[in-house]
1. Go through the residues of the range 11-23 one by one and say whether even a single one is surrounded by 13 or more Cβ atoms within 10 Å (Cβ to Cβ) and over 23 Å from Leu217 (Cβ atoms).
2. Which residue is modelled with the lowest pLDDT, if the candidates are limited to the range 116-152 and must be charged (D, E, K, R) and touching an Asp or Glu at 6+ places or on another chain (Cβ under 9 Å)?
3. What is the one condition in (1) modelled with pLDDT of 75 or more; (2) under 30 Å from Ile11 (Cα atoms) that Phe251 does not satisfy?
4. Asp49: of a type in the set (Asp, Glu) and either touching a Phe, Trp or Tyr at 6+ places or on another chain (Cβ under 6 Å) or touching a residue at least 24 places away in the same chain (Cβ under 8 Å) (or both), yes or no?
5. So Asp169 clears everything in (1) surrounded by fewer than 19 Cβ atoms within 10 Å (Cβ to Cβ); (2) at pLDDT 80 or above except one condition, right? Which one?
6. Kindly list the number of the only condition in (1) closer than 28 Å to Leu128 by Cα; (2) not in a loop (DSSP other than H, G, I, E, B); (3) not small (Gly, Ala, Ser) that fails for Val18.
7. If you scan the range 56-104, which residues turn out to be surrounded by 14 or more Cβ atoms within 10 Å (Cβ to Cβ) and outside any helix (DSSP H, G or I)?
8. State all residues of the range 21-49 that are assigned to a helix (DSSP H, G or I) and either farther than 24 Å from Glu205 by Cα or touching a strand residue (DSSP E or B) at 6+ places or on another chain (Cβ under 8 Å) (or both); if no residue qualifies, say none.
Amino acid sequence: MKSFSMLLEEILRRRHDVGFSGQLLALVQHSLGLLGPHLTSYRLGSIGDVLVIPKDSAEARRELGCHSAAILPVFASEAVGAGAIHALLVEVLPFLPPTGSLLGIVFSHEELCRKTLELLRLLPPSLLGFQPCQPLDFQSEDIVDKLLLCGLLESEEPEGQRWGCDLEDEPHWKRRIWDSLGFDSDSGSEGAVVRKRCFKLSEPEAFPGFLPFLWRLLRPVLRTLGRAVAFLERPCWPQHETAYVEALLQFLAEEDSFDPPTMSLALSSLQTFKEMGVLEEERTPTGPLLHLAQPFHSSTRRKELEASILQFSQL
């Protein structure tokens, strides 16, 4: 019940309606009744609680995945920020002691904003419930602020001794992985003034395990996008869009994964590839025709793109 209670509190704090007048017991009973065929429950007599575990079946994973996707827009900003933290941890973990705790690691404001921008460019705003007209650099600043508000980050003095990403004289604002991949840069960040600030990785007292929870929210999206990159070498180009989507879904279903493929995720990956210039669209009388952009005929460039995606979801 404690996990249900913490999640309910966080949802209500973000002003989202959950029904049942927000009554915890009624919500838990409804959820267990709705998902009961896909769950296994164990009564923990020693502490008077119940342990709920998903069944290990494709049907259970698909059903639970569909319901969990509805939570993503509620925690969208925090999930993107958590993904940025994940990518920074991937960079610093090789330099940490084997027994070192992740809590207390300090990151610079510039690095957090840079990674957040990289991730925002991968995710269609509609998927996250964001306003498409809002500049990405403003969104990244807002996301870092929300990480502070929810307790995942704490302000830290930059002069203190710490583990983490060192501050450098030259801002990282424009040094994005997309520059090395040849994508157009966002002129809106030109001349941006970035304050020298540091943040320490923390854990909210009211919601232990909040950071892994946020990582798992974005995992299906990022995994689908990474697998979609691997799929790019399969089709004969050019290819009609409808045939591409059908073949992509079949390709995703071939892998025994915790994240079952869905049409919405496949279409999101297609939209991302179009916006990034990985796929180029040609209008024809028989429907959109997709061309693989010339740079991505190279397996090296595709691997670079896949690595840039998976940094946000794989430790």
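1. yes
2. Asp137
3. (2)
4. yes
5. (2)
6. Every listed condition holds for Val18 apart from (2).
7. Within the range 56-104, Ile71, Leu96, Leu102, Gly104 qualify.
8. Within the range 21-49, Ser21, Ala26, Gln29, His30, Ser31, Leu32, Gly33, Leu34, Leu35, Gly36, Pro37, His38 qualify.
The values are calculated or read from the model by the stated rules, or taken from the named source; none is laboratory data. It should be emphasised that the depicted structure is a prediction, and the values quoted were computed from it without experimental measurement. All Cβ positions, glycine included, derive from the backbone under ideal geometry; neighbour counts span all protein chains shown.
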